[in-house]
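Structure first, then comments.
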Amino acid sequence: MGCRKHSPGTPCCEECCCIERVEIDFAVPDEGEPGASIGTYGWDVVDEPYLREYFDGLDKVYECTYVAPESNLCTNSFPFNARFPQINRTITGDTRIETGASGGTPISGMQEFIGTITWKTNEFIRSMRLIVSKKGTQYKTLITGQVISEYLSYPTPGGIVNTYAPTGYSCPLVSTFTYTASYDTLMCAEIVNDICHGPEVPAFRLLHGFYGTDVYIESEWTEATCATLPTNVSTSVYWWEYYGNNTWLGDAEDCRVPTGSTNDTPIGPYPCGYVQGMLNTYSPRLKWTATHTFRVTPCST
């Protein structure tokens, strides 16, 4: 394998190791801890690494960066290395809401949703890099990147919205709309992007958000060769079921994904009946101590 020095396509000396494969295990629960690993991501190294040279005191350091291959989501606006589906859940979302007023009263109409709400979460692995540094006869390995958590909530295909408008003492149905879009058609849509807010999602609303955490797993400087690079290196993390290792969010309850729903207290009556929604229900948040671990496989020849 050759390498690139400072910019693509520039030949350099043989200071970069030949790496065959890199693998990372994400958020593996420690023994006795609840939860589950996100999954394992790995890539076969086929692209040339980038070489950077600098001095650490009197020691010259050769830093070789191996970049993981990327796919693109949503017309190149969201590059990522891998996607791991996590939660896929439907809850009852039957809801009746008032739709306006004339001079404040009475209520001039009502919308009714009949169906379920789908919640999905995914973990996206992004910007993964293996960095191998050498000074003298010592080597150090480092993995950097991000885990980006995505949540999406939307009316499940087949759900309907009925719209009513009062006329005198009656309240006729004036229109019906049926939802047909699924996650595959919505994941790149321009919909409400609401990061960890509003857990009581109205039935008619599409909710989409991202929140993430950095990955940084580093070995110590070790006497080694390209054939004996520091590998099987781990770092300890806390992980939450719904939003990863996001300490800046604290224990924000809004980040939970509901496990079900119950009827809210009806309000009314109004000309078109009672207003009533669903209150989301939740299990206690699942949180565990875990480790990220990476392995490096040097080339065999």
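Here are the numbers:
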item	result
Leading residue by the ranking (surrounded by the fewest Cβ atoms within 10 Å (Cβ to Cβ)) among those in the range 151-164 that are of a type outside the set (Val, Ile, Thr) and at pLDDT 90 or above	GLY158
Test: THR118 is of a type outside the set (D, E, K, R), surrounded by fewer than 17 Cβ atoms within 10 Å (Cβ to Cβ) and either touching an Asp or Glu at 6+ places or on another chain (Cβ under 8 Å) or modelled with pLDDT of 70 or more (or both)	no
Count of the range 253-301 residues which are in contact with a Phe, Trp or Tyr (Cβ under 8 Å, 6 or more places away or on another chain), in a strand (DSSP E or B) and crowded, with 20+ Cβ neighbours inside 10 Å	2
Tabulated pairs, the range 28-43, first surrounded by 13 or more Cβ atoms within 10 Å (Cβ to Cβ), second among the acidic types (Asp, Glu) and part of a loop (DSSP other than H, G, I, E, B), C-beta under 8 angstrom, 6+ apart or interchain	GLY35/GLU241
All positions within the range 121-142 that are buried (at least 18 other Cβ atoms within 10 Å of the Cβ) and over 16 Å from THR228 (Cα atoms)	THR121, ASN122, GLU123, PHE124, ILE125, ARG126, MET128
Output for the range 124-183, where each listed residue is more than 36 Å from the chain's Cα centre (by Cα) and in a strand (DSSP E or B)	LYS135, GLN138, TYR164, THR167, SER170, LEU173, VAL174, SER175
Residue in the range 46-61 that is touching a Lys or Arg at 6+ places or on another chain (Cβ under 9 Å), closer than 19 Å to VAL215 by Cα, modelled with pLDDT of 90 or more and in a strand (DSSP E or B) present	no
Top-ranked residue in the range 94-103 [being at pLDDT below 90 and assigned to a loop (DSSP other than H, G, I, E, B); ranked as surrounded by the fewest Cβ atoms within 10 Å (Cβ to Cβ)]	GLY103
Matching entry among THR137, THR180 (being within 22 Å of LEU73 (Cβ to Cβ) and in contact (Cβ under 8 Å) with a residue 12 or more places away in the chain)	THR180
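The values are calculated or read from the model by the stated rules, or taken from the named source; none is laboratory data. Source: prediction; values computed, not measured. Note that we place each Cβ from the backbone using ideal geometry, even for glycine, and neighbour counts take in every protein chain shown.
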